[in-house]
Structures are given as structure tokens and as C-alpha cells.
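The values are calculated or read from the model by the stated rules, or taken from the named source; none is laboratory data. Bear in mind that the values here come from a model prediction, so they are computed numbers and not experimental data. Ideal geometry is used to build each Cβ from the backbone, glycine not excepted, and the neighbour counts take in all protein chains shown.
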Amino acid sequence: MESAECLQTSCQRPHQVGYSKLAAAFILPVHPSGRRHVMLAQQRLDFEFRPMTAADVGNAHELSIALKWPHRLEDWAMLQRVAQGFVAVHNGRLIGSAFACHQGEFSTIGLVIVSDDYQGKGIGRKLMELAVGCVPPRTAILNATLAGAPLYEKMGFVSFGEVQQRQGQAQLPDTTALKAQESSRALSEADHARVLELANAGSGMDRSVTLGDVLNNLEHAVGIERDGQLQAFALLRPFGRGLCIGPVVAQTVEQARHMIEQLLGKVPYAFVRIDIPTDCGLADWLDEAGLKRVDSVTCMSMGAVPQASQGVRQFALITQAIG
């Protein structure tokens, strides 16, 4: 059952939240002496908050372009398909966005953006309240930028880890050997059910919707097999300024390195991005592969945190917004 506060396009009755804020009054002199003044105007700024639709994707993309974020129009469209989005509008102009991506017992909050022209007016907080408001009974988690973290802390989020954004022109590092009984191979559609099982276990979340969309837009997919069963996988797909590796789910860091090597070998010298948990053991090795750390975000939760299971863990995220 969704929260009563949740705004959804599928709800039977339309939900729309209006939000207004008074601008400063303008007081100008009307007499040469300057002693007589009159209030000329008290301007009202009316903001509309509503669910995002597919028709909003283009304007939302323009927001991220203005902030020099790398997301393509296709990246926005993907998130709009798999998540519940909200937008802020002023005079017909889309000025803010936020998403809640429901994944089993958790919902990831992401792409919280407010136009530079409308900063400091409480729009970001209102969008966050809408996104968080539709999460229950799930637990809200997010990856916070340095600028966003103070607001999220005030809202009750607590940090529990860090994610590094790494990117660069791909170079092929030294080969990482697998155990004698392990072998790597390309994945096919027949592997999707097992890939989803591993993705759920590695992330601690239900990836059926998000990963289902990712699997329809791959460049390459590789896995590691032992005793006839898939034990690990890694995906490469278009994203942002080039290509993105993720998710990567494996039992060991050696498996993760081997699969990333296989994917980098498919796209020599391409621009590649990967988002990794700081504690996953890949950082120094990725430096050698040309994927340098360019930023980091703080993992935050409003309650419990996702727990990996079945002896695997997630070595690379799908995206920062999805986890």
C-alpha cells in the first residue's frame, strides 16, 4: 500500500500541490523630496509541484545540462520509466526535479535538481519532501553530494558509506587470473534470470524493474561461471559522456577485476565511467586502468541499510541515483 501522501500519475484522483512564496515588496519614491513612498507591488511567486511525466523529460534534461551534469536525454528517460518523479514548475517552466526509485524494501532518491535561477526558495526541500513522502513503507536511501548532505541530515538521513565516481579513457590493465574451476563468458538473454538473482543479492534491493530496463540497452555483458552456474556478472552500457560499467556483482575482488578487464578490452580507449563503493577494494587498480577518481558522494539512509547476501556483493552501482 502506497503512502497517502504519495503523488502518482496512476492514482485515481489527480494530485497537485501548489506552493507560493512572497517576494520582497518594491518601495520607490514618488516625490522629489523622497519623503513620500508608496508600495508599488508585492509580487507573488507561484510554484506548482506535480508528478513527472514522459513529456517532462526534455525540459528536465535541460536542467542537468545547465549544471554541466553528463546525463543524456536517454538517461533521463530511463529513470522516468523505472522511478517515480516529481517536478517544480513556475510560469510553465520546469525548474526542479526529484525521483524516488522503489526497489523492494528500499527506495533510492536521486536527480534532485533546482535551477540556479530559483535557488534559496525552498524548492529543493519541497521536492525532497514529496520524494521521501511516497517511500513508506520502504526505507529511503540516497547518495548525497557535498552541497546536498546538510539538507538531507536535517531531514533525518544518516550517512553509512561513500561512493567514488571514477572515469577516464579506458586502458587495459594486467590480466587478473581466475581460480582453476572458474571461467568467464559473454552473457545472453538466457542468463537474465540468474543475473537478476545475483543483482538482488549483491545490492540488497529488488532490481527486477531497474535491471530489467538496463538489460535492454547493453553494449556488452560478461559473467563468471563455476560448476555450470553463473557466480558473477558485469554490464557495460551507454551513459553520460560515453560508456558506464555497472552494476558489477561478484564473490571476490578478483572476479570483479577480471570482468571489468574483459569489458574494457571490448572498448579500448573509450571514455568509461564506473561508480564504486569506496571500500570495495578496486580503487588503486582502477587508477591503473585509467579510471581516476573525480568525485565522491555520501551514502545516506533514513533507517536500515541494504545488506548483501548469498556470498556476493556489489562492486559497482547502476547509477548514483539508482544505487
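Out of all the residues in segment 189-203, is one or more assigned to a loop (DSSP other than H, G, I, E, B) and farther than 20 Å from residue 274 by Cα? Please lay out each step first, then the result.
Going residue by residue through segment 189-203, those that are assigned to a loop (DSSP other than H, G, I, E, B) are none.
No, segment 189-203 contains no residue that is assigned to a loop (DSSP other than H, G, I, E, B) and farther than 20 Å from residue 274 by Cα.
Would you confirm, using the coordinates I've provided, whether residue 130 is in the same structural domain as residue 297 (by TED's automatic domain parsing), at pLDDT 95 or above and crowded, with 19+ Cβ neighbours inside 10 Å? Against the criterion (in the same structural domain as residue 297 (by TED's automatic domain parsing), at pLDDT 95 or above and crowded, with 19+ Cβ neighbours inside 10 Å), residue 130 does not qualify. Within segment 173-186, the set of residues being farther than 11 Å from residue 254 by Cα, of a type outside the set (A, V, I, L, M, F, W, C) and surrounded by 11 or more Cβ atoms within 10 Å (Cβ to Cβ) comprises 173, 182, 183, 184, 185.
Of the residues making up segment 208-238, those that are buried (at least 24 other Cβ atoms within 10 Å of the Cβ), under 17 Å from the mean Cα position of the chain (by Cα) and part of a strand (DSSP E or B) number 2.
Would you mind stating whether residue 170 is among the aliphatic types (A, V, I, L, M) and surrounded by fewer than 18 Cβ atoms within 10 Å (Cβ to Cβ)? Give the steps one after another, and end with the answer.
Values: among the aliphatic types (A, V, I, L, M): yes; surrounded by fewer than 18 Cβ atoms within 10 Å (Cβ to Cβ): no.
In short, no.
Could you tell me whether segment 83-90 includes any residue that is part of a strand (DSSP E or B), modelled with pLDDT under 50 and out of contact with any Gly (no Cβ under 8 Å at 6 or more places or on another chain)? No: segment 83-90 contains no residue that is part of a strand (DSSP E or B), modelled with pLDDT under 50 and out of contact with any Gly (no Cβ under 8 Å at 6 or more places or on another chain).
The number of residues in segment 133-176 that are part of a strand (DSSP E or B) and of a type in the set (Ser, Thr, Tyr) comes to 2.
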